[in-house]
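See structure below.
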Amino acid sequence: MRKLMVMVLILMIAVSSIGCAQQTTQTPPAESTGQSGQQPADTGGGTTAKLRIGYINSADTDVFCVMRKEALQEVIDPAQYEITFYDANNDIQKQIDYTDNLITEHVDLIIIVPVDSEGAVPAIEAANQAKIPVICLGINSAGGDFTFVGSDHYTSGHMQGAYMAKALPDNAKVLYMEGAPGYDHTRLRKQGYEDALKEAGRDDVTIIASQTAEYDKAKGMALMETWIQAYGNDGFDAVICANDQMALGAMEALKVAGIAGKQIAGIDATADACQAIIDGGMTYTLKQDAAGQGAMCLTVIKDLEAGKELQKEYLVPYTDVDINNAAEILADAN
């Protein structure tokens, strides 16, 4: 009888051990299939693991970059996606290092807002080698396999130039504030602006000075102060800027100097720029749709997750903004 009880006890322990082993078994994550889509791993019991995403921003000090990041945060479901944000702070080496870390962590997707189109190529190629799909958000890369989601920067400059071609007086003298040097979007926005003026037959318009303020409000204000000293009140008619932050800085400098009646144009349609147009301090901006880019990015993520073949690029259109619709654009943003 005692032997029988011992055998029963041993059998019960064995069965219990087998049950415990089955409960701790995990399904390994599915391999990435690159830009044609990837299925998240099944964790067993009919539940699917969250898609793990790394988002590397170019700089959290850039107003529009933050708007775009927050737009994605608003629409993405944390119950379905695990997304971690990183700030490269305009340092391309940081962006490369963050990418290497995400590759080591075997994330399912990397979203990158390149600090520099050329400099981002090694990071994207490393992700390609690891078979992790890449979305370039807002800014293109000069190489590697990726999907671009954003707006065309040449188009923004061209739309700005087309509008100002109608608004500028005859023989207008223009001061042009460039974006940060070395960036593809800096060159494309200025080229688009200049091409639009030529196409409109505005050969009478002259850019009397063109200098970078690095997309920064304080630097835009400082540059405008220098130009006021150089050209005075009567030496120019308009200030054209490659983004709203520089335009707002120029506006502040002109206000402090007591100079009125100058046309100021920017790009992005930030809330402050729209309000400046309503108040009469700025003439024009154009809406680079942060919410639209965030929503489009989520659509691409879902297509990728579903295993669909992705397009090379997904473009979000711009909208002209002036006194006729600035209040509406501002209300929509709020």
List the aspartates and glutamates whose Cα sits under 13 Å from the Cα of residue 217, skipping any in the same chain fewer than 8 residues away. 62, 178, 225, 244, 252, 272
For segment 153-287, rounded, prolate or oblate, judged on the Cα gyration tensor with a ≥ b ≥ c (square roots of eigenvalues), a/c < 1.5 rounded, else prolate if a/b > b/c? rounded
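Would you mind classifying segment 60-200 by shape? Square roots of the alpha carbon gyration tensor eigenvalues, ordered a ≥ b ≥ c; an a/c under 1.5 is rounded, otherwise it is prolate if a/b is larger than b/c and oblate if not. Spell out each step's value before the answer.
Details: a/c = 2.68, a/b = 2.12, b/c = 1.26.
Since a/c reaches 1.5 and a/b is larger than b/c, the shape of segment 60-200 is classed as prolate.
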With unit charges on the beta carbons (Lys and Arg positive, Asp and Glu negative) and the dipole taken about the Cα centre of the chain, which residue among 226, 281, 75 sits farthest to the positive side? 75
Out of (i) 19.9, 63; (ii) 21.2, 70; (iii) 26.5, 113, which label holds the value of Rg and Dmax of the Cα atoms in Å that was computed here? (iii)
So in the chain, what percent of DSSP beta bridges are antiparallel if you round to the nearest 5? 10 percent
In nm, to one decimal, how far is the modelled label at residue 101 from the one at residue 313, with both set 7 Å along Cα→Cβ? 3.1 nm
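Per DSSP H run of n ≥ 4, the term is -39500 (n - 2.57); total these for the chain, divide by its residue number, and report the mean residue ellipticity at 222 nm rounded to 500 deg cm²/dmol. Spell out each step's value before the answer.
Working: 11 runs with 150 residues, N = 334.
Taking each H run of at least 4 residues, the total per residue is -14500 deg cm²/dmol.
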Under 19 Å from the Cα of residue 308 - aspartates and glutamates, other chains or at least 8 residues apart: 31, 42, 108, 145
Among the aspartates and glutamates, which have Cα under 13 Å from the Cα of residue 69 when same-chain residues fewer than 8 positions away are ignored? 60, 87, 289
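Using the structure shown, list the pairs from 219/255; 190/262; 255/287 with a Cα-Cα distance above 18 Å, or answer none. If you can, show how the numbers build up before the last one.
Values: 219/255 16 Å; 190/262 20 Å; 255/287 24 Å.
Cα-Cα > 18 Å for 190/262; 255/287; rest within.
Each value in this text was obtained by applying a stated rule to the coordinates, not by laboratory testing. Note that the structure is a prediction, hence the values are computed from the model and not measured. Counting neighbours? That spans all protein chains shown, and the Cβs are built from the backbone with ideal geometry, glycine included.
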